[in-house]
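Taking it in order: structure first as structure tokens, then the write-up.
Each value in this text was obtained by applying a stated rule to the coordinates, not by laboratory testing. All of these numbers come straight from a predicted model, not from anything done at the bench. Heads up, the Cβs are rebuilt from the backbone with ideal geometry, glycines too, and the neighbour counts pull from every protein chain shown.
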Amino acid sequence: MGAFFGAASRRDVVLDVFFGVDYHSHLGTRRAGMVVWDEGSGFQREIHSIENTPFRTKFEKDLSIFSGTVGMGCISDSDPQPLLVRSHLGLFALATVGAINNAAELIESFTGIGHQFMAMSSGEVNMAELVAALINTQGDLVSGIQYAQGQIEGSLTLLIMTDRGELIAARDKMGRLPVLVGKDADGYCVTFESFAYGKLGYADEHELGPGEVVRITPEDYEILVEPRDEMRICAFLWVYYGYPNSNYEGVNVELMRYRNGALMARDDAAHGLLPEVDYVAGVPDSGLPHGIGYATESGKPFARPFVKYTPTWPRSFMSANQEVRNRVAKMKQIPVPELIRDKRLLFVDDSIVRGTQLRETIDFLYGAGAAEIHMRSACPPIMFGCKYLSFSRSRSDYELIARRKVLELEGEEGERHLDEYADGHTERGTCMLRAICEEMGFDSLAYQTLDGMLDAIGVDRRKVCTYCWSGRE
């Protein structure tokens, strides 16, 4: 997905940006960048690959060459960023987060008038460069940001740093991702995860609304574009993406996950689907709080039958080699045999997307002697690939296990009954659950309902994006 962190202060902000970006490492796995500015030396920038090495390891050696009272950095799952852009609007750094579904058409519209884009080694155009080109068609940065957001099909949240010692932050026009401003005695910062600036000594100051644009200087922040009323913030921020101690729209991630697990257990009990198990567990790491909520509500003991070994393998997807990634994923899973052998286990995972890694986990648990494995998903069956934040990188919706099972069970006719398949209490929903259990090796399976998940979040449901489950805008 990606994220950014920026700061403007009356003191040097290099360490704030360094640690602030590092605290967003859970949101991106491919590229990272830092850029700082001061009046004497101007812009200083570095971009590194973080596919094989954590952010802080890559950038620690750069700290000695950075100095500045204004800085920003980003974690990216896509293109190298931040970019430095020189145009009639001045010299500025730009970082973007989101998805541009009509990129080819937009690029063609520029090449038709003679504009040339630099090609990356892949031959593709850097999406931040495309955004910069859209911004530069207008007479000022704010108008350019609004124009770019209006032209893009998908989502666009961005951060700009100018050579005037200021930051300009813009939340996506539908507010699909959060943007928050923090304040300390010397200045301000802007970020995605609220806990990141809390650890750095900043206090909550302002949460941007959908489409809102703010200017941030060491002295103050100024609202340049008022927020819109309509919002579609991503539900996966609470279910999976967000860090436990972050808050979005006033709702804490960890507490939402406890509520979510409890509601799932309550629904299972109401429908007579609460199995007799020895332990309830969460699939590490984001499944753990959902599992705690389920265990507390159901009265079943909570346990950790396996843990992830992360000191040397913080991620299972670091290597570009798929075989290595698969092996690392297996090597990370360390069993507690006394909590697995001959035990009936119920696991709660944050989501079930394609099911590939989860199937390997189930095989590992049975190999360690588990007697039964019951699975619960903390969100509904994922039926559509995300077109706003690239949550699911599937090339086709039919790579999603739920959608694939619908096709196998009923062919094209099933496409007209996806809502029924998503409801485990209907005949079609029961058939899909049974088919997934047979493939994955579960003794039982249930998904959180859309209503249950939205109740656990607690935000006005008209303001929450549920596209990947419902297919509705």
Check: residue 111 label point, 7 Å along Cα→Cβ, cut-off 20 Å on backbone N: hits in the range 72-94?
Finding: 79-80
Notebook entry, point to check: By how many nm would the segment from residue 163 to residue 438 grow when fully extended, if each residue of separation counts as 0.36 nm and the alpha-carbon distance is taken off?
Noted result: 93.0 nm
Check: For the chain, which DSSP H helices look membrane-span-like by this rule: Cα extent along the axis of 18 Å or more and mean Kyte-Doolittle of at least -1.0?
Finding: 253-270, 427-440
Next item on the list: Mind computing the radius of gyration and Dmax over the alpha-carbon atoms of the range 340-424? Å is fine for both.
Entry: 14.8, 44
Notebook entry, point to check: Computed FRET efficiency, Cβ-Cβ of residue 67 and residue 140, R0 30 Å: what is it to the nearest 0.05?
Noted result: 0.55
Margin query: Using the Kirkwood formula on the Cα atoms of the range 2-231, what hydrodynamic radius do you get, in angstrom to one decimal?
Written below: 17.4
Check: At a Förster distance of 45 Å, what's the computed FRET efficiency of residue 356 paired with residue 84, Cβ-Cβ distance as r, to 0.05?
Finding: 0.70
Notebook entry, point to check: Using a basic spin-label model with each label point 7 Å from the Cα along Cα→Cβ, how many nm lie between residue 371 and residue 39?
Noted result: 7.4
Item checked: Too-long pairs where the Cα-Cα distance tops 22 Å, listed order kept, from 61/183; 199/387; 300/332; 300/343; 173/387 -> 61/183; 199/387; 300/332
Notebook entry, point to check: For the range 1-112, what relative contact order do you get, as a whole percent, if you take Cα pairs closer than 8 Å and at least 6 residues apart?
Noted result: 34
Notebook entry, point to check: Candidates (1) 23.4; (2) 32.7; (3) 24.1; which is the computed Kirkwood radius over Cα pairs in Å?
Noted result: (1)
Notebook entry, point to check: If the label point is 7 Å along Cα→Cβ of residue 270, which residues in the range 285-310 have backbone nitrogen under 15 Å from it?
Noted result: 298
Notebook entry, point to check: By how many nm would the segment from residue 341 to residue 226 grow when fully extended, if each residue of separation counts as 0.36 nm and the alpha-carbon distance is taken off?
Noted result: 35.6 nm
Notebook entry, point to check: Among bridges DSSP assigns within the chain, what percent are antiparallel (round to 5)?
Noted result: 80
Next item on the list: With a Förster radius of 45 Å, plug the Cβ-Cβ distance of residue 412 and residue 252 into 1/(1 + (r/R0)^6) and report the FRET value to the nearest 0.05.
Entry: 0.60
Item checked: Cα-only Debye scattering, the range 134-286: base-10 log of I(q)/I(0) at q = 0.08, 0.20 Å⁻¹ -> -0.32, -1.24
Check: Once the dipole of the range 252-470 is set up with Lys and Arg at +1 and Asp and Glu at -1 on Cβ about the Cα centre, which of 454, 411, 336 lies farthest towards its positive end?
Finding: 336
